[in-house]
Amino acid sequence: MVLGVYWYYEFPEGLHTYEYFTFRKGLGGHADAPAELEADVSVDDPVNVINEIRVLVDKHPDAFIYIYTFENLLRIGTGGYAMHDFEFELIHQVETILKKYHAQSTVFHSVTLAEMIKLYTIKEIKNQYPTKKYFMLASSSPHKHNAETSNIRFDCNVDIHTKDAFLSEVTSSVTSADINVIFYSEKEFEDRCNLMLFFTNGRQGVGLKPKQRIDIEIFESVMEELIQKYAVQVGHVGGWDYYPIGKRVVLKIVDEEFIME
């Protein structure tokens with residue numbers, strides 16, 4: 001699975017501008033719609049435009065583009081429930097192709113008559129999710145440039161005297177699962193320390209680099225070993241007055257301004 005910085009509810013203001021494409025934010029709840037970048041254009045040579053976009057997609061295994069085509073009209077887009085830097089940079093490349101063919105923005109009224117083409121590289125990717133109920137998936141509120149972050153959250157408590165050793169081993173061990181960001185909040189209760197730990201990564205696909213996929217199986221394996229070694233208890237103790245909120249302590253981080261600010 002992919003953790004880290006993404007956009008869904010708002011556009012990454014200050015990072016991208018487009019000539020043809022507009023952003024449609026995602027709709028949560030019952031509406032349940034992905035965020036999308038989409039453009040309606042007319043071109044004199046739609047076949048070659050589609051072929052050049054196909055070549056672009058073939059170069060990048062993470063790429064996905066949909067195209068509605070009817071006569072000289074094209075509706076081109078991409079989207080998802082977590083749009084990363086990769087998708088926004090991919091669309092910049094599509095705009096370069098559209099400019100090359102002197103595309104004109106228009107309103108595509110004939111979508112119901114159009115042929116739909118989906119362009120992506122066929123690739124077997126095993127979508128992994130935590131199997132232990134105490135490792136939860138969580139999303140942040142928006143930060144810099146409206147960025148959100150997907151995280152794995154772990155609520156636990158540990159003996160005050162072994163807390164630092166536990167956190168030190170967590171930091172070094174989860175690197176093997178390809179995790180680059182760890183931070184936590186804490187609150188002491190008697191001889192225990194309540195922890196709210198977050199694991200995530202930074203921006204994904206900058207420069208159209210492949211997205212960083214963590215290995216959940218390795219993550220859960222190393223964490224289980226540390227839970228046993230340090231007699232870590234799942235959940236918090238002491239009631240709401242000892243819930244670990246407030247200042248977050250960073251153990252390891254990249255792209256901090258997108259994750260913490």
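The values are calculated or read from the model by the stated rules, or taken from the named source; none is laboratory data. Computed from a predicted structure; not experimentally measured. Here the Cβ positions follow ideal geometry from the backbone for every residue, glycine too, while neighbour counts run over all protein chains shown.
Considering the stretch 2-14, and only residues there that are surrounded by fewer than 18 Cβ atoms within 10 Å (Cβ to Cβ) and either within 16 Å of the chain's Cα centre (by Cα) or outside the structural domain of residue 75 (by TED's automatic domain parsing) (or both), the residue that is farthest from residue 150 (Cα to Cα) turns out to be 10. Scanning the stretch 83-94 for residues that are surrounded by fewer than 20 Cβ atoms within 10 Å (Cβ to Cβ) and either of a type in the set (D, E, K, R) or in contact with a strand residue (DSSP E or B) (Cβ under 6 Å, 6 or more places away or on another chain) (or both) yields a single hit, 89. When the test is whether a residue is farther than 23 Å from residue 147 by Cα, among the basic types (Lys, Arg) and surrounded by 13 or more Cβ atoms within 10 Å (Cβ to Cβ), residue 118 does not pass it. Figure legend. Inter-residue proximity from the stretch 237-259: first residues touching a residue at least 60 places away in the same chain (Cβ under 8 Å), second residues in a helix (DSSP H, G or I), beta-carbon distance below 6 Å, spacing 6+ or different chains. Indicated pairs: 251/171; 252/171; 257/144; 258/144. Within the stretch 157-194, the set of residues being hydroxyl-bearing (Ser, Thr, Tyr) and over 30 Å from residue 212 (Cβ atoms) comprises just one member, 162. Restricting attention to the stretch 41-67, the residues being surrounded by 20 or more Cβ atoms within 10 Å (Cβ to Cβ), part of a strand (DSSP E or B) and more than 26 Å from the chain's Cα centre (by Cα) number 1. Which of the following residues is loosely packed, with under 14 Cβ neighbours inside 10 Å and among the charged types (D, E, K, R): 159, 178, 164? Step by step, each of 159, 178, 164 is checked, and only 164 is loosely packed, with under 14 Cβ neighbours inside 10 Å and among the charged types (D, E, K, R). Only one of the numbered conditions (1) more than 21 Å from the chain's Cα centre (by Cα); (2) under 23 Å from residue 141 (Cα atoms); (3) at pLDDT 95 or above is violated by residue 30, and that is (3).
Among the residues making up the stretch 181-204, those that are closer than 14 Å to residue 250 by Cα and either over 23 Å from the mean Cα position of the chain (by Cα) or surrounded by fewer than 19 Cβ atoms within 10 Å (Cβ to Cβ) (or both) are 185, 186, 195. Selection of the stretch 41-82 for residues being touching a His at 6+ places or on another chain (Cβ under 9 Å) and among the β-branched types (Val, Ile, Thr) yields only 43. Only one of the listed residues (245, 179, 227) is of a type outside the set (Ser, Thr, Tyr) and over 19 Å from residue 132 (Cα atoms). That residue is 245.
Conditions tested, residue by residue: (1) modelled with pLDDT of 95 or more; (2) of a type in the set (Phe, Trp, Tyr); (3) part of a strand (DSSP E or B).
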position: 78; (1), (2), (3): yes, no, yes
position: 88; (1), (2), (3): yes, yes, no
position: 91; (1), (2), (3): yes, no, no
position: 98; (1), (2), (3): yes, no, no
position: 161; (1), (2), (3): yes, no, no
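Screening residue 215 on (1) at pLDDT 95 or above; (2) out of contact with any Gly (no Cβ under 9 Å at 6 or more places or on another chain) shows it passes everything except condition (1). Taking the stretch 131-156 as the range and being of a type in the set (A, V, I, L, M), surrounded by 17 or more Cβ atoms within 10 Å (Cβ to Cβ) and closer than 17 Å to residue 220 by Cα as the test, only 152 passes. Here residue 102 clears all of (1) exposed (fewer than 12 other Cβ atoms within 10 Å of the Cβ); (2) within 29 Å of residue 238 (Cβ to Cβ); (3) of a type outside the set (Asp, Glu) except the condition numbered (2).
In the stretch 169-178, the count of residues that are in a loop (DSSP other than H, G, I, E, B) and under 26 Å from the mean Cα position of the chain (by Cα) is one or more.
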